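Asks: Below is the structure I would like to discuss, written out as structure tokens.
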Amino acid sequence: MSTSEREAGTQVEAKRSWKLPGVYVGACVLLVVLAVATRGDVRVLLSDKSQSYAIPDLVVAGAPVVWVLALIAIAITAWTLVVTARRMAAPSWARIAAMVLVGVSTVFGFLVYAGAGSATGSVTLTSTLVSTVALSTPLIFGALSGVISERVGVVNIAIEGDLLVGAFAGVMAASYFQNPYAGLLAAPLAGAALGVLLALFSVKYGVDQIIVGVVLNVLALGLTTFFAGTVMKKTTVNLNTNQYSLSNIKIPFLSEIPIVGPALFNQSILVYLMYAAVIALAFFLFRSRWGLRLRACGEHPRAADTVGINVGATRTTNTILGSSFAGLGGAFFTIGSGLAFTDNISAGNGYIALAAMILGKWNPLGAMSAAVMFGFAQALAHMLPNLTSAIPSNLVSMIPYVVTIVAVAGFVGKSRAPAAENIPYVK
């Protein structure tokens with residue numbers, strides 16, 4: 001037998017997955033149904049009231065737009081089916097572009113369908129993007145918290161609790177000192193305090209990290225509910241007022257960029273801190289000694305120990321650091337949104353942040369991208385009631401959570417967690 005024949009006989013055929021093509025087919029069917037059902041014109045607002053100039057509203061017939069979007073999705077789906085059936089090696093950029101185009105076509109087609117013929121509202125594109133960035137902020141901080149903790153080997157289920165205590169401490173400190181920046185300092189400290197408990201039980205005493213995280217979430221909910229009903233209400237000073245909230249900081253010139261300018265460059269300092277956190281963590285996690293030590297403790301703590309890295313101390317400090325990130329994100333729910341604290345104000349966003357981290361493959365940039373997707377789902381849920389009353393409000397409020405379930409169920413299988421997470425290290 002020749003060498004080429006032996007190589008052909010031992011060659012393993014690439015695994016074929018119909019998961020994405022199936023999702024694309026479903027999107028095409030949905031778009032065709034929406035195109036058939038769309039009636040009337042749709043008005044699209046392309047400018048924001050914060051900008052010094054106004055772009056004229058775009059008014060177009062709804063059905064032709066949805067049909068064009070459906071044809072785009074169908075063409076991409078047909079290409080994907082052929083590539084999958086023939087096991088062709090498509091470039092990564094092409095697969096990503098196909099995913100983005102189908103996703104954007106489906107979402108925008110649904111918006112056009114909901115806004116077509118509406119006498120009560122318009123598709124406010126720029127305002128929706130502004131809301132998306134703002135609503136993504138706590139999710140991104142929570143996802144970054146999970147990246148830091150799990151990369152070092154500690155599963156942080158307590159992100160929900162970190163967000164909750166951060167929201168509570170943020171508004172209380174801002175109200176007491178009558179300064180929103182005091183709340184901006186108190187929120188990460190509150191998250192770090194919860195992180196100390198997580199590190200104490202999971203790192204020092206080796207308790208199952210998932211159980212500890214769940215218990216800490218319950219503890220955070222109980223403590224904030226108790227103190228909100230006692231300390232916040234029974235003092236002479238109002239410790240739960242929305243009077244001291246973070247104001248938006250408008251960056252000249254950049255905020256005037258059409259459509260995306262107000263969304264990216266007319267936000268509170270909390271959003272700008274989020275930008276800095278993502279960039280810094282994406283760099284230092286993979287390009288610094290600190291990041292190398294952190295990842296070594298999460299992948300192979302025994303090997304890290306043999307080269308002189310204190311695994312326990314590294315896990316403890318970075319677990320606390322990660323929790324402080326989530327605490328800072330929790331400040332968005334109160335001083336970042338101009339709202340007073342209410343019971344369970346985080347409303348499950350910690351678990352969505354955890355899903356974003358997993359979907360982003362424990363990478364800061366990937367986690368940010370997934371969090372923005374979930375933030376857009378929330379912004380969409382807020383906008384839909386202004387467009388149409390045909391969709392029940394309870395169904396609209398489910399959108400962010402349905403998106404989370406679909407995303408994790410569809411793509412989490414491709415992710416690989418750090419090898420030593422949830423495994424206590426004993427010398």
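Asks: Filter the range 389-427 for residues that are modelled with pLDDT under 75 and within 30 Å of Ile309 (Cα to Cα) and give the result.
Replies: Ser415, Lys427
Asks: As an exercise: evaluate Val130 against (1) under 30 Å from Gly22 (Cα atoms); (2) in contact with a strand residue (DSSP E or B) (Cβ under 9 Å, 6 or more places away or on another chain); (3) modelled with pLDDT of 85 or more and give the number of the one condition it does not meet.
Replies: Condition (1) is where Val130 drops out.
Asks: I'd like the full set of residues that are within 20 Å of Ile72 (Cβ to Cβ), open to solvent by 90 Å² or more (accessible area, probe 1.4 Å) and touching a helix residue (DSSP H, G or I) at 6+ places or on another chain (Cβ under 9 Å), limited to the range 86-95.
Replies: Arg95
Asks: Sticking with this structure for a sec: Step by step: first the residues of the range 39-63, then only those that are farther than 26 Å from Glu256 by Cβ and more than 31 Å from the chain's Cα centre (by Cα), then the one that is most open to solvent (accessible area, probe 1.4 Å). Which residue is that?
Replies: So, considering only residues that are farther than 26 Å from Glu256 by Cβ and more than 31 Å from the chain's Cα centre (by Cα), the one most open to solvent (accessible area, probe 1.4 Å) is Arg39.
Asks: Here is a further query. Name the residues in the range 96-130 that are over 20 Å from Ala379 (Cα atoms) and over 22 Å from the mean Cα position of the chain (by Cα), would you? Full working, then the answer.
Replies: Let us first name the residues in the range 96-130 that are over 20 Å from Ala379 (Cα atoms), namely 96-99, 117, 119.
Answer for the range 96-130, where residues must be over 20 Å from Ala379 (Cα atoms) and over 22 Å from the mean Cα position of the chain (by Cα): Gly117, Ala119.
Asks: Please find, within the range 222-255, the residue that is nearest to the chain's Cα centre (by Cα) out of those that are loosely packed, with under 15 Cβ neighbours inside 10 Å and not in a loop (DSSP other than H, G, I, E, B).
Replies: Among those that are loosely packed, with under 15 Cβ neighbours inside 10 Å and not in a loop (DSSP other than H, G, I, E, B), it is Ile249.
Asks: Contact list please: Cβ distance under 7 Å, first residue in the range 228-257 and touching a residue at least 12 places away in the same chain (Cβ under 8 Å) and of a type in the set (A, V, I, L, M), second residue open to solvent by 40 Å² or more (accessible area, probe 1.4 Å) and in a loop (DSSP other than H, G, I, E, B), pairs at least six apart or on different chains.
Replies: Hits for this filter: Ala228/Asp343; Leu239/Val231.
Asks: Could I ask something else about it? Examine the range 187-202 for a residue that is surrounded by 16 or more Cβ atoms within 10 Å (Cβ to Cβ), in contact (Cβ under 8 Å) with a residue 12 or more places away in the chain, over 26 Å from Arg295 (Cα atoms) and not polar (S, T, N, Q), and state whether such a residue exists.
Replies: yes
Asks: Here is a follow-up. Here is a check on your reading of the model: is Leu219 of a type in the set (A, V, I, L, M, F, W, C), surrounded by 15 or more Cβ atoms within 10 Å (Cβ to Cβ) and not in a loop (DSSP other than H, G, I, E, B)? Give the steps one after another, and end with the answer.
Replies: Working: of a type in the set (A, V, I, L, M, F, W, C): yes; surrounded by 15 or more Cβ atoms within 10 Å (Cβ to Cβ): yes; not in a loop (DSSP other than H, G, I, E, B): yes.
Criteria met by Leu219.
Asks: Restricting attention to the range 96-136, which residues are closer than 20 Å to Val29 by Cα, open to solvent by 40 Å² or more (accessible area, probe 1.4 Å) and in contact (Cβ under 8 Å) with a residue 12 or more places away in the chain?
Replies: Across the range 96-136, the qualifying residues are Met99, Leu101, Val107, Phe108, Phe110, Tyr113.
The values are calculated or read from the model by the stated rules, or taken from the named source; none is laboratory data. All figures in this text were calculated on a predicted structure; none of them were measured in a lab. Reconstructed Cβ throughout: ideal geometry from the backbone, glycine too, with neighbour counts over all protein chains shown. Ligands, DNA and RNA are stripped out before the accessible areas are found, and what is left, the full protein with its side chains, is counted by its heavy atoms. Shrake-Rupley method; radii C 1.70, N 1.55, O 1.52, S 1.80 Å.
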